Every structure is written in C-alpha cells, then in structure tokens.
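Below is one structure, written out as structure tokens; comments come after it.
The values are calculated or read from the model by the stated rules, or taken from the named source; none is laboratory data. Fair warning: this is a prediction, and the values are worked out from it, not measured in the lab. Cβ coordinates were reconstructed from backbone atoms using ideal geometry, including for glycine residues, and neighbour counts include every protein chain displayed. Only protein heavy atoms, including side chains, enter the accessible area calculation; ligands, DNA and RNA are left aside. Shrake-Rupley method; radii C 1.70, N 1.55, O 1.52, S 1.80 Å.
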Amino acid sequence: YVAAVYEHESILSPNPTALVDRRSALELMGRNLDIYEQQVVAAARQGAQIIVFPEDGIHGFNFTRSSIYPYLDFVVHSHSVKWNPCREPYLFNDTEVLQRLSCMALKNKIFLVANLGTKQPCEHTDPHCPSDGRYQFNTNVAFNDDGMLVATYRKHNLYFEYAFDTPPEPDYKLFDTPFAGKFGMFTCFDILFFEPAVNLVRQYNLKQVVYPTAWMNQLPLLSAVEFQQAFATVFNVNILAANIHHPTLGMTGSGIYTPAKSFIYHNMEGYGGKLIVAEIPVITTDYKTNLEKTPDRASEKGNEQLPPTFYAEMMYDNFTFVPVWGEKGELQVCANTLCCYLTYQRAVLTDELYALGVFDGLHTVHGTYYVQACALVKCGGLSFSTCGQEVTDATALIDFQLWGNMSTSYIFPLLLTSGITLDYADHMGWKNNHYFISKNRTSSGLLTAALYGRWYEKD
C-alpha cells in the first residue's frame, strides 16, 4: 500500500502560557491546518491511501492547563458513537479542528491520522476527575477515506505535559483499512513503555502502526529514526512515524519503516516541512530472525594486556566502558548482572576512538525506566571523557558481533551510521541466552551499534 507521513514545522504561539479566546486559538490552528490540507492534497496525488501528521502539530506545546483550554476540541471517546464531523458538523460544539480534518480525509478519499488536544467534562463523583471538572487529553484521531472518525487514542505516557491528563486506563485503539488490515496507534514517549505500545502490538498481533510524535533527538541511543526503525524491526511491524520539525529544539526524524527497509527524513539544518510517500508491503507472515550465523563465545585468553575500564556519562546514565583499540579484537565489559561482548575488525585504522559500554539500571532523567544496554559508540574526541557525547559523523567501517546476556526479552537493536542514516544488521537474535547483533561492513561510518534492552517489570 502507499503511505505518507508529514514532518511539520508547526506555526507556534509566540506566548503559549498567555490566555486567549477560542477565536484566536482557532486562527493559529487554522494556519497549521492550511498546511495540512496542502499536504493531504499532495499525498493523495501521489497515490497515498493513508497520511499521518505529528504530535502537537496543530496547537504547539509548552502550554499550561488553563492556557491550552481554548485550543481543545470536544471529542467523544467511545465506540458507540458513529460520527462524521465533516458531514455532521452540528452534532457537538467545539469541534472545528475535527471537522476540518474529517473534510480533508473525505475530499481526498484518504485515511488521515492527526494529533490534537481534546476535552471531556467529568463529574466530581468520578474519583479521577480533575478539580476543574474536565479531562484534557493529548489525543490522536483517525478518519477513514469517507471522513468518518474511526478511532481516538489518548496518550498514556505523558512527557512533562502539564496541560494534559493521563487517561484512567490505557487505550488500545485500532482501526481497520481495506488496503492493509488493522492499524494500531500510540504517541511519542509511549514507544518506550510496555503500556500501551508493546501490549497493543502483541495482543492484537498488529502489523501496522501509526505514530505521531514530537521527539527531541538524543544521541547516541535515542534519535527518532534510530528508535522508530528498531521498533519496526523488533515487533515485525510497519510504522508510519511523523515527527515535528524544529531543529533548534532538536526535533526532526520521521519515516515509513518496514522490518527490512526504511524511508526516512532527518534534517537538523533546513527549515520547512517534509512529505514522505512510499509504497510498502502489507506484512502478513511473522518474520523470523535469521539465527544461522551465530557468534561463538570468545575463548578466554590468558595474560593479554586487557584494555582499561573507565566510566563516562552517556544520556544521563553512568556507563562502564572499555576502549575499542587496534584493528581487531575481542572485548567484554560488565555491570550488575549484564555482560556485553564484542568481536570486531576494522577495514582501515582511522584516528577515531570507539568504546564498548554497558549500563544495567534505572534511568531517571526525563522519565524513569529500567534499561539494559550494550553499546558500541564513537566517542566525541580521542580522550575517554568524550565517550557518550552526541556525535553525528564517523568514517570507520567496522565488522562486528555484539552480544549480551540480557535479562529481558525486549531488546531494540540500534544501528546508526554517519550523518544520522540507518543500516540493517546482517543477523540478530537469541543464542545460548545471549542476544546478538552482527554486521559486516556498514554502508557508511559507524556511529552506534547497540542492544537497547527495556526491562519493563523493573520500571
């Protein structure tokens, strides 16, 4: 089927904490929706059957609970109500944004997924009801090609979004399409957690996911395109991921991913939006990871000079590292219960420092969650203290096998190359209680090769 995602440079309120009336809010959102409309037309012309827009793309961010209120549409989060906002605009008040989105889908005969802020009054008898008598949700909406509202999803894992409420229960929201079957949806930070992202995909055996996001890139392990690709690979799904474009805030990175191929956009230099349209296969079978070529555990060699262990902060976590010296070798590094092993060979010795790092613990900055990571990274410079820094360019071509005795079965294989481009591993999977990833010769210089394990039970 043909899918489209749009990386949108949103027009933002100059002062998001200021209180404005509904008319001013609609005026600002209307300017973003005008751009959406142009992109829907362009995507439909290229044969797209579904288009996905980013999180916060219509209203922006950094609101307070009261300042976002005029930007919120009313939406009924229920399966029982069949509603076409374009054809039945009179049904509910404060649904101008939904009406416009619905009409775009209808006019262009395309499935459309967008993210907006929504409100829902609640009774004080409801124990979860906020003191102002209303819920405010960060919401994805999906419309079919007739403009019908077919699914609403309320974001569960909020990322310091004080204007919004967490829904009392995780939403598992799906919608059906004639061209690719069922799609599931979740938003941004959700991708790092078991609920609802992992549970949704597994429980419904989903093969297609739509994913609006407003993601701030964090190298070396959590750039948007790197993690989106890993999710598609691990769960054997297609992901249609649309990010916001604000390079000054570190926000870029959208794509259409299959388990074997990706069409991505990552641009920290230019301005303006980007439409990606790609034809991808509908996944019908479960893809089994190829386990043929497996690493033999490095044999213990005596009295060799072991490289020194050192510590450095990487993404706010205290990693234990060993330097990756010379043109080839075998290394191991351990922390807590996790040991990471690397065998490597470089094509040409470059004057770049690489290190093998391990972290097994609770990550506590910008969210709290348990990580087990084995990571081969390029350091920022030649001294140990530069390991863990954000690096975007590399020249070293390295053949490697990386493995670890992970305690979780949820492992995201990351493979990032120079210029924030993606590569695919030759082999990955379990062998003798170790998870491994191997690659002969990356397509360009290696930035990161990592096993990013999420131990959800220990969050």
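Applying the selection to region 377-410, what residues are within 21 Å of residue 308 (Cα to Cα) and of a type in the set (Ser, Thr, Tyr)?
383, 385, 386
Here is a yes/no grid of residues against (1) more than 20 Å from residue 241 (Cβ to Cβ); (2) at pLDDT 95 or above; (3) part of a strand (DSSP E or B):
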{"residue": "278", "(1), (2), (3)": "no, yes, yes"}
{"residue": "294", "(1), (2), (3)": "yes, no, no"}
{"residue": "301", "(1), (2), (3)": "yes, no, no"}
{"residue": "332", "(1), (2), (3)": "yes, yes, yes"}
{"residue": "352", "(1), (2), (3)": "yes, yes, no"}
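Residues in region 358-366: is at least one in contact with a helix residue (DSSP H, G or I) (Cβ under 7 Å, 6 or more places away or on another chain) and surrounded by 19 or more Cβ atoms within 10 Å (Cβ to Cβ)?
No, there is no match, as no residue in region 358-366 is in contact with a helix residue (DSSP H, G or I) (Cβ under 7 Å, 6 or more places away or on another chain) and surrounded by 19 or more Cβ atoms within 10 Å (Cβ to Cβ).
Keeping to region 268-284, report how many residues are over 25 Å from residue 47 (Cα atoms) and not assigned by the TED database to the domain that holds residue 43.
Here the count works out to 0.
Taking the residues in region 69-84 that are part of a loop (DSSP other than H, G, I, E, B) and touching a strand residue (DSSP E or B) at 6+ places or on another chain (Cβ under 6 Å) as candidates, determine which candidate is nearest to residue 151 (Cα to Cα).
77
Mind telling me which of the residues 63, 92 ends up being assigned to a loop (DSSP other than H, G, I, E, B) and over 25 Å from the mean Cα position of the chain (by Cα)?
92
Quick check on this structure: which one of 58, 51 is assigned to a strand (DSSP E or B) and in contact with a Phe, Trp or Tyr (Cβ under 8 Å, 6 or more places away or on another chain)?
51
Being among the hydroxyl-bearing types (Ser, Thr, Tyr) and within 17 Å of the chain's Cα centre (by Cα) is the filter; apply it to region 404-423 and report the residue that is nearest to residue 372 (Cα to Cα).
410
Quick one: would you say residue 357 is more than 28 Å from the chain's Cα centre (by Cα) and not in a loop (DSSP other than H, G, I, E, B)?
Spelling it out, it is not the case that residue 357 is more than 28 Å from the chain's Cα centre (by Cα) and not in a loop (DSSP other than H, G, I, E, B).
Could you count how many residues in region 229-246 are over 15 Å from residue 55 (Cα atoms) and either open to solvent by 10 Å² or more (accessible area, probe 1.4 Å) or polar (S, T, N, Q) (or both)?
6
Would you check if residue 156 is surrounded by 15 or more Cβ atoms within 10 Å (Cβ to Cβ), modelled with pLDDT under 95 and either out of contact with any Gly (no Cβ under 9 Å at 6 or more places or on another chain) or within 25 Å of residue 193 (Cβ to Cβ) (or both)?
No; evaluated as a whole, the condition is false for this residue.
Specify the residue that is farthest from residue 97 (Cα to Cα); the eligible residues are those in region 1-32 that are acidic (Asp, Glu) and open to solvent by 30 Å² or more (accessible area, probe 1.4 Å).
9
Answer yes or no as to whether residue 186 is in contact (Cβ under 8 Å) with a residue 60 or more places away in the chain, of a type in the set (A, V, I, L, M, F, W, C) and within 18 Å of residue 243 (Cβ to Cβ).
In short, no.
Output the residues belonging to region 114-158 that are assigned to a loop (DSSP other than H, G, I, E, B), in contact with a strand residue (DSSP E or B) (Cβ under 6 Å, 6 or more places away or on another chain) and hydrophobic (A, V, I, L, M, F, W, C).
Passing the criteria: only 122.
Report the residue count in region 84-127 for those that are hydrophobic (A, V, I, L, M, F, W, C), open to solvent by 10 Å² or more (accessible area, probe 1.4 Å) and more than 29 Å from residue 169 (Cα to Cα).
Matching residues across region 84-127 total 3.
Anything in region 66-82 that is within 25 Å of the chain's Cα centre (by Cα) and among the aliphatic types (A, V, I, L, M)? List them, or say none.
Within region 66-82, 68, 72 meet the criteria.
From 126, 56, grab the single residue that is among the acidic types (Asp, Glu) and free of Cβ contacts under 8 Å to residues at least 40 places away in the same chain.
On inspection, the qualifying residue turns out to be 126.
Would you pick out the residues in region 346-385 that are of a type in the set (Val, Ile, Thr) and under 20 Å from residue 218 (Cβ atoms)?
Matches in region 346-385: 358, 364, 365, 368, 371, 377.
Have a look at 372, 345, 389 and point out the one that is buried (at least 22 other Cβ atoms within 10 Å of the Cβ) and not acidic (Asp, Glu).
Residue meeting the stated conditions: 372.
Would you pick out the residues in region 283-292 that are of a type in the set (A, V, I, L, M, F, W, C) and either out of contact with any strand residue (DSSP E or B) (no Cβ under 7 Å at 6 or more places or on another chain) or at pLDDT below 85 (or both)?
Correct list: 291 only.
Among the strands (runs of 3 or more DSSP E) lying completely within region 159-224, list those that include at least 1 residues that are touching a Gly at 6+ places or on another chain (Cβ under 8 Å), crowded, with 23+ Cβ neighbours inside 10 Å and modelled with pLDDT of 95 or more.
208-212
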